Amino acid sequence: MAINNPFIITSEYILPAYFCDREEETEILVSNILNGRNTVLISPRRMGKSGLIQHVFSQDPIKKAYRTFGVDLYAASTLSELVFFLGKTITDNLKSAGRKRMEEFFSLVKSLRPGFKIDQISGEIRFDLSLGEITRPKDSLEEIFFYLEQSKKPCVVAIDEFQQIAEFPEKNILELLRTHIQKCKRTYFIFAGSKRRMMDKIFHNPSEPFYMSSAPLFLDPIGKDQYRRFAERHFSNAGKEIEADCFDHVYDLFEGHTWYVQRILNELFAWTDKGGKATKKMAIEVVEYIIKLSARGFEEQFSGISSSQKHLLIAVAKEGKARAVTSMGFVKKHALKSPSTVQSAIRALYENETLSKEKNAYSITNRFFSLWINKQYSGAK
């Protein structure tokens, strides 16, 4: 399968040739599945965990012997929504298998059968169930687990943004899930999450039901040398070239953060003519171009927050990675009001995911937003 631009920036997995490195992580995940170990996969958002999971699912030992399902809970906020997304993932997977396989699913998951629709004109099978029709989500969840365990092939279920479940309004949902998962003998799980503090609490706190239940795996940035070779190979295959200092500038600017590096490489590849060369100067121009395209949205986002939050974001953007943000030293350095004001601003910005926290350091989640703030307010106090 040939594509116009080899630097994929969508969440869709294409082919191994367009997937960079992650050999060790792939080997660990495949081994965990083959040996019956569940995995907790933690990484910052857009570091490539979804792509890694799809890459693992495409490996022959997994693809041939297991049924695989990837569920994204980023938009889920209730147990009913969890059931909906899980049910939709399974039925989407079954579409190509035909009506008989779909009937088998709904014969076991009877509570979701109203969502089984067949278009009278096209004959297309659809899962069309509104959230309001999921009236017994706990029963539906139990039926879904029963279906997975009855499958002819063992199953692997990857649940992305798993930490969302801890914020569901219903009580004891983690306990309920743990009860079902403990009973599984032919279904294995990858619990992926981007909020490290919450994932650590769920899986490493002795008082939590998932404590020590899964093998841990943390996703760090892809190594610079491996990533550079990947970029050089794809430029070369297209009759193009990327200078080493061009790649290094991009990698260092975004600290190897996968999505941002891919986004810049994607644009650089498009800007470089066949026989041409991508330079550091071009990389700088590409970053400025992308920030310019996003400027209107950034302006609206920045204007919609309080003054104390704006001042904190400016301070964090200047630091890149800001530590001890409630200390008097940080407050005085950036002319902020007070530690208590900073604490309130942090809480609001962290809850709406404008700020992220890794290794006791805060950073602005959207790296392009951070660069825009620095450009606009480099002299601001």
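Rounded to 0.05, the FRET efficiency of the LYS110 and ASP200 pair, given R0 = 30 Å and the Cβ-Cβ distance, is 0.20.
With 22 Å as the limit, the listed pairs LYS63/LYS138; LYS310/LYS332; LYS274/LYS375 have LYS63/LYS138; LYS274/LYS375 beyond it between alpha carbons. Rounded, prolate or oblate for the range 161-200? Axes are the square roots of the Cα gyration tensor eigenvalues, ordered a ≥ b ≥ c, and the cut-off for rounded is a/c under 1.5. The shape class here is oblate.
Helical content alone sets the calculated 222 nm signal of the chain at -15500 deg cm²/dmol, taking -39,500 (n - 2.57) per DSSP H segment of four or more residues and averaging over every residue. Over the chain, what percent of the accessible surface lies on carbon and sulfur atoms, probe 1.4 Å? Carbon plus sulfur share of accessible area: 49 percent. Fully extending the segment from ARG101 to LYS310 would add 69.9 nm, taking 0.36 nm per residue of separation and subtracting the current Cα-Cα distance. The radius of gyration of the Cα set in the range 51-96, together with its Dmax, comes out at 12.3, 35 angstrom. The Cα trace of the range 78-189 gives Rg and Dmax of 14.1, 44 Å, the first to one decimal, the second as a whole number. Among the GluC sites (Glu not before Pro) found in the range 309-379, those both in a DSSP coil and sparsely packed, with 13 or fewer other Cβ atoms within 10 Å of their Cβ, are GLU353. Screening the chain for whole DSSP H helices of 27 Å or more along their axis (Cα) with average Kyte-Doolittle hydropathy at least -1.0 returns 280-303.
For the range 10-96, the list of chymotrypsin sites (Phe, Trp or Tyr not before Pro) that fall in a loop by DSSP and count at most 15 other C-beta atoms within 10 angstrom reads TYR74. Of the GluC sites (Glu not before Pro) found in the range 69-133, those that fall in a DSSP loop while having at most 13 other beta-carbon atoms within 10 Å are GLU124. Annotation: lysines with alpha-carbon distance below 26 angstrom to LYS277 (same-chain offsets under eight excluded): LYS224, LYS240, LYS292.
Excluding ILE291 itself, calculate the net charge of residues whose Cβ lies under 14 Å from the Cβ of ILE291, where each Lys or Arg counts +1 and each Asp or Glu counts -1.
+1
Give the residue from PHE7, ALA270, VAL30 lying farthest towards the positive end of the charge dipole for the chain; charges sit on Cβ (+1 for Lys and Arg, -1 for Asp and Glu) and the dipole is referred to the Cα centre. Towards the positive end, the residue furthest out is VAL30. With a Förster radius of 22 Å applied to the beta-carbon distance between ARG126 and GLU12, the computed FRET efficiency rounds to 0.55.
In this structure, SER77 and ARG37 have a Cβ-Cβ separation that, at R0 = 45 Å, corresponds to a calculated FRET efficiency of about 0.95. Charged neighbours of LYS152, selected by a Cβ distance under 14 Å, balance to +4 (K, R count +1; D, E count -1).
Shape summary: the chain maps onto an equivalent ellipsoid whose semi-axes, from the alpha-carbon gyration tensor, are 38, 29, 20 Å in decreasing order. Shape class for the range 1-97: rounded, because the ratio a/c of the largest to smallest gyration tensor axis (alpha-carbon atoms, square roots of eigenvalues) is under 1.5.
Per residue, the solvent-accessible area of the chain (1.4 Å probe, heavy atoms of protein chains only, all protein chains present) comes to 50 Å².
The values are calculated or read from the model by the stated rules, or taken from the named source; none is laboratory data. This one's a predicted model, so the numbers in the text were calculated from it and none came from an experiment. As a convention, Cβ positions derive from the backbone with ideal geometry for all residues, glycine included, and neighbour counts pool all protein chains shown. Note: areas computed on protein heavy atoms with side chains; ligands, DNA, RNA excluded. Shrake-Rupley method; radii C 1.70, N 1.55, O 1.52, S 1.80 Å.
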